[in-house]
There are 4 protein chains.
Amino acid sequence: MARIWARICPAVLVLLCWSAGAATPAAAQYSSTISELIEEFVVANRILADQGVIADGFGHLSVRSPIDPGRFFMSRARAAGLVTHDDVMELDLAGKPLDERGRRMFSERFIHAEIYKARPEVNAVVHSHAPALLPFGVTGTPLRPVSHMAGFLIRAAPVFEIRDAGGDATDMLVRTPELGAALAKTLGQAPIVLMRGHGFNTVGNSIKQAVSRAIYAEINARILTEALKMGSVVYLNEAEAANIAKTNDASIDRSWEIWKVKALASTPKF
Amino acid sequence: MARIWARICPAVLVLLCWSAGAATPAAAQYSSTISELIEEFVVANRILADQGVIADGFGHLSVRSPIDPGRFFMSRARAAGLVTHDDVMELDLAGKPLDERGRRMFSERFIHAEIYKARPEVNAVVHSHAPALLPFGVTGTPLRPVSHMAGFLIRAAPVFEIRDAGGDATDMLVRTPELGAALAKTLGQAPIVLMRGHGFNTVGNSIKQAVSRAIYAEINARILTEALKMGSVVYLNEAEAANIAKTNDASIDRSWEIWKVKALASTPKF
Amino acid sequence: MARIWARICPAVLVLLCWSAGAATPAAAQYSSTISELIEEFVVANRILADQGVIADGFGHLSVRSPIDPGRFFMSRARAAGLVTHDDVMELDLAGKPLDERGRRMFSERFIHAEIYKARPEVNAVVHSHAPALLPFGVTGTPLRPVSHMAGFLIRAAPVFEIRDAGGDATDMLVRTPELGAALAKTLGQAPIVLMRGHGFNTVGNSIKQAVSRAIYAEINARILTEALKMGSVVYLNEAEAANIAKTNDASIDRSWEIWKVKALASTPKF
Amino acid sequence: MARIWARICPAVLVLLCWSAGAATPAAAQYSSTISELIEEFVVANRILADQGVIADGFGHLSVRSPIDPGRFFMSRARAAGLVTHDDVMELDLAGKPLDERGRRMFSERFIHAEIYKARPEVNAVVHSHAPALLPFGVTGTPLRPVSHMAGFLIRAAPVFEIRDAGGDATDMLVRTPELGAALAKTLGQAPIVLMRGHGFNTVGNSIKQAVSRAIYAEINARILTEALKMGSVVYLNEAEAANIAKTNDASIDRSWEIWKVKALASTPKF
């Protein structure tokens, strides 16, 4: 436990050593908090892979540090389905690693950094290329909630057009703080933002909320894709959506339990 | 066996102890009946998970007690793919547990309770969020039988609009006896009822009938979704549908055998 | 080997015993032929299950006896994914079992019997409910070859409307010799016949040909379903279709090898 | 290592023996290069099978020899999901094997040979029948990049109509050098060419590039198929596509790592 913790977060270790002088139990508590968070973070990566949200080597999850809101954890550039404790890095909101150790980072870490800057209540971010969401981003068809499991959408998901912020000749990636800030601006107060020709991001106040939003956004997209071909669609109204979103938030653990069982059975041991 | 039975149904145990005084063989028979039913119930939950009818932590199955028609069995609030004997609870038709033991219940148990009240011949109910059914509920496109395996549909499935019974600001859940009664009224004498923006329920005179109806409703929905895009659709007429439904009911065990084999191979041991 | 053979085909055993008096090697050859055929038949059932052609307890495969063209082998009424040697029964062209031993038969064995009567060159028949084919049968949209792997279709697949032969109030099943004969008439000289609201059958000069036709008919149906939504479709012309069909027939073993490996890994041992 | 190498490439062995006289280290280096390439080739075949690019016994991968640009390696005619080291053959650009040993070859090896002739910078070719691509080939709907992972497409994929080169009565297969040359001409400088009613080919400067292009072309086809039904589509422009293609090329290993783990878990050991 302590060993893993030490690897992940030396800066925090200093803080802890300092606080340990005053209060060892506090240090132990911090350590345990981080350990559990990293454990959940690794499991969440496997879930995202197993549920088809991040099927390949692209897409990523981050979680804000519970100790320092100016920092967040993220895997080194590696497929979510293979992430282990040792892949976890700590970054500041400028996207700089505190503990690089020669590990390659995701170039789009600025998505996460800038959202954390703009949204103090957000503690986790998912970035995904799940195919079911893409048609909405490239056609401008509003992604709105038709399944009560996606009530969190409330309204149509905003769409980030990188040409507006980066011009007509980017490589489509949010690879600078400026592009990240533009994306965060498009996200606004929403729980999700589509990226034209690229994918989408969900945010949450916890890993579980951000991850479950990504999973149910994908399901809602598949349902809506078919419903739109059948005729006029009745969406959840704002009250319904807001109410069921609150209810669902209180029940995330119920899906998490089976997602975790499935994910750990389908991805390599860690 | 007796231990499991005792956990599940203390009220019935009293009855059995009473009857045991008069006739021990009868008590043993009751016990064996319940044990076998719970075994089938657990397997059925795993089948619903493996066949994609209940993929996550939501959706549920219930079965009416063969001893007291005013009671039914249901899992505690847990993913169908993980349900074990110890998760099974017994409830009365007011949705009150007889044996709570601190276990959290599904808030939508009133779907089951009210259907059992309204439909004396119904002995099992499935509640599902399977994506293939949702487009029909949100567009009003009639879900009618195009596959003979879904002959039980006979006519178009009724659609429950929760706004009619609960107003425009529910959380979409059937979480009261009143909403459950309204849903049961929409169901009427049908084998299935769609829930707008939510999912659907199937009913049956047995676990196997309710479960197989859910599985084949999902397949029929997928087939119809594509057929509707091709042109004018020839549905089963009422005689064809009723006749094949009767035939299929006599052959459920044939699919059950392979569904069970697959489900037990894909979900954790119990 | 001999034991299995004896179970399957007592009538043939008599013949063999007779011929054994004159020529033992011939008897051994017969026995070995049948044993290998049954082995292939069992594997083929598992392949049909694993490839999604027969996903549940319905749908069936048959193969004509190489010894007596007036007989064929078929499983007892059991899911294809679970069929073992002991499930195999021998039937005559009236659909009567030679070796019933209390085993329940498929009520639609007349599909097979009547096709064998009408088409002397056909040695195997698949009956399937695969969802991708159903939309074509219920809308009358012609199922024609768009993938060269389905060249065997040559022209549009004929569609069997059971109302023409059985009236408006059947249970949709081909459960009599008369309905079977009507189906065989609709099939004509084609390699496949769709059944409205029910499924389809493929025929072949061998198990491998009938099975591979079923698998590629399903893939062709999925491709065509999407192509039809995109615009005007270029189909294989008759020469292209006939030519590639001949080529593919010579290469069936190449797909069979991997289908078998996958099927045996995904279904129970036998 | 040496044994496998010797089996694969006797012509090269002669060269090595010759060079070995002068410089043993050079020979060892050649041997190691080829061994590693064949290892990657076998893994790549399994990946193509696991990712659904080559699901059955058809479709194939080739890689140009790093020693002699006039030669390439390819499996004998066998399902990609089962290819092992011993299946690998070396061919010249006339499609003639250097080491036949009675092994049956793919009749469409001329696709590979002629592309290697026409495109000196191409070192690997994938031939696939993946269903998602077929609708584009048979309707002429342009396959253009909507996902940044398919930026390599840049423009619409060219479509090869075999009737133009081979007339109206081919068996659809590119089974001669002439047809291969016509296909290579249609391919031109593109990274992919669709084949009407048949499938598609991707090319790359390495196995990893050709394989990842095939995988992401399939995903892009699925996304575009749905987007086209929703309305007007915003495609990547040429600058965006070219830029992200370059970025993705630098990150192939990240997806390769998980593709390999999944493929080796789902296909037989080798």
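Go through the residues of region B:95-108 one by one and say whether even a single one is hydrophobic (A, V, I, L, M, F, W, C), more than 14 Å from every other protein chain (Cβ to nearest Cβ) and buried (at least 24 other Cβ atoms within 10 Å of the Cβ).
Scanning region B:95-108 turns up no residue that is hydrophobic (A, V, I, L, M, F, W, C), more than 14 Å from every other protein chain (Cβ to nearest Cβ) and buried (at least 24 other Cβ atoms within 10 Å of the Cβ).
Please go through (1) out of contact with any helix residue (DSSP H, G or I) (no Cβ under 6 Å at 6 or more places or on another chain); (2) buried (at least 24 other Cβ atoms within 10 Å of the Cβ) for D:Q209 and return the number of the only condition it doesn't satisfy.
If we test D:Q209 against (1) out of contact with any helix residue (DSSP H, G or I) (no Cβ under 6 Å at 6 or more places or on another chain); (2) buried (at least 24 other Cβ atoms within 10 Å of the Cβ), just (2) comes out false.
Could you check region A:237-265 and list, in sequence order, the residues that are open to solvent by 30 Å² or more (accessible area, probe 1.4 Å), over 21 Å from the mean Cα position of the chain (by Cα) and either at the interface with chain B (Cβ under 7 Å from one of its Cβ atoms) or among the small types (G, A, S) (or both)?
A:N237, A:A239, A:N243, A:A265
Restricting the search to region D:72-88, which residues are away from every other protein chain (no Cβ under 12 Å) and without any contact (Cβ under 8 Å) to a residue 60 or more places away in the chain?
Hits for region D:72-88 are D:F72, D:M74.
Count, please, the residues in region A:57-70 that happen to be free of Cβ contacts under 8 Å to residues at least 60 places away in the same chain and open to solvent by 10 Å² or more (accessible area, probe 1.4 Å). Explain how you work it out, then say what you get.
Step one: list which residues in region A:57-70 are free of Cβ contacts under 8 Å to residues at least 60 places away in the same chain, which gives A:57, A:65-70.
Those left that are additionally open to solvent by 10 Å² or more (accessible area, probe 1.4 Å): A:66-70.
Within region A:57-70, residues that are free of Cβ contacts under 8 Å to residues at least 60 places away in the same chain and open to solvent by 10 Å² or more (accessible area, probe 1.4 Å) number 5.
Would you confirm whether any residue within region D:189-202 is open to solvent by 10 Å² or more (accessible area, probe 1.4 Å) and assigned to a strand (DSSP E or B)?
There is no residue in region D:189-202 that is open to solvent by 10 Å² or more (accessible area, probe 1.4 Å) and assigned to a strand (DSSP E or B).
Might you check whether a residue that is crowded, with 16+ Cβ neighbours inside 10 Å, farther than 25 Å from C:H198 by Cα, modelled with pLDDT of 95 or more and under 16 Å from the mean Cα position of the chain (by Cα) occurs anywhere in region C:28-38?
Checked against the condition, which is being crowded, with 16+ Cβ neighbours inside 10 Å, farther than 25 Å from C:H198 by Cα, modelled with pLDDT of 95 or more and under 16 Å from the mean Cα position of the chain (by Cα), region C:28-38 yields at least one hit.
Pull up region B:161-178, narrow it to residues that are touching a strand residue (DSSP E or B) at 6+ places or on another chain (Cβ under 9 Å) and surrounded by fewer than 24 Cβ atoms within 10 Å (Cβ to Cβ), then point me to the one that is nearest to B:T225 (Cα to Cα).
Residue satisfying both the conditions and the ranking: B:E161.
Of the residues B:R119, B:R104, B:R78, which is closer than 16 Å to B:N201 by Cα and modelled with pLDDT of 95 or more?
B:R119
Pick from region C:133-178 the residues that are within 8 Å of another protein chain (Cβ to nearest Cβ) and of a type in the set (G, A, S): which of them is farthest from D:R196 (Cα to Cα)?
The residue in question is C:A169.
Hey, C:A150 hits all of (1) open to solvent by 10 Å² or more (accessible area, probe 1.4 Å); (2) closer than 27 Å to C:K246 by Cβ; (3) out of contact with any strand residue (DSSP E or B) (no Cβ under 6 Å at 6 or more places or on another chain) but one; which does it fall short on?
(1)
When residues of region B:72-98 are filtered for being part of a loop (DSSP other than H, G, I, E, B) and either charged (D, E, K, R) or within 20 Å of A:I258 (Cα to Cα) (or both), how many remain? Write out each step before concluding.
Going residue by residue through region B:72-98, those that are part of a loop (DSSP other than H, G, I, E, B) are B:76-79, B:83-84, B:93-96, B:98.
Remaining after also requiring either charged (D, E, K, R) or within 20 Å of A:I258 (Cα to Cα) (or both): B:76-79, B:83-84, B:96.
Of the residues in that region, 7 qualify.
Name the single residue, out of those in region C:214-236 being more than 16 Å from C:I192 (Cβ to Cβ) and at the interface with chain D (Cβ under 7 Å from one of its Cβ atoms), that is surrounded by the fewest Cβ atoms within 10 Å (Cβ to Cβ).
C:S232
Scan region C:116-124 and tell me whether some residue there is part of a helix (DSSP H, G or I) and either in contact with a strand residue (DSSP E or B) (Cβ under 6 Å, 6 or more places away or on another chain) or open to solvent by less than 10 Å² (accessible area, probe 1.4 Å) (or both).
Among the residues of region C:116-124, at least one is part of a helix (DSSP H, G or I) and either in contact with a strand residue (DSSP E or B) (Cβ under 6 Å, 6 or more places away or on another chain) or open to solvent by less than 10 Å² (accessible area, probe 1.4 Å) (or both), which makes the answer yes.
Considering B:A214, B:A221, B:A227, which residue is within 12 Å of the chain's Cα centre (by Cα), assigned to a helix (DSSP H, G or I) and small (G, A, S)?
Every option except B:A214 fails the conditions.
Might you let me know whether region B:122-132 holds any residue that is within 14 Å of chain A (Cβ to nearest Cβ), in contact with a Lys or Arg (Cβ under 7 Å, 6 or more places away or on another chain), closer than 24 Å to A:A250 by Cβ and among the hydroxyl-bearing types (S, T, Y)?
no
The values are calculated or read from the model by the stated rules, or taken from the named source; none is laboratory data. Source: prediction; values computed, not measured. Neighbour counts run over all protein chains shown; Cβ positions are idealised from the backbone, glycine included. Accessible surface areas use protein heavy atoms only, side chains included; no ligands, DNA or RNA. Shrake-Rupley method; radii C 1.70, N 1.55, O 1.52, S 1.80 Å.
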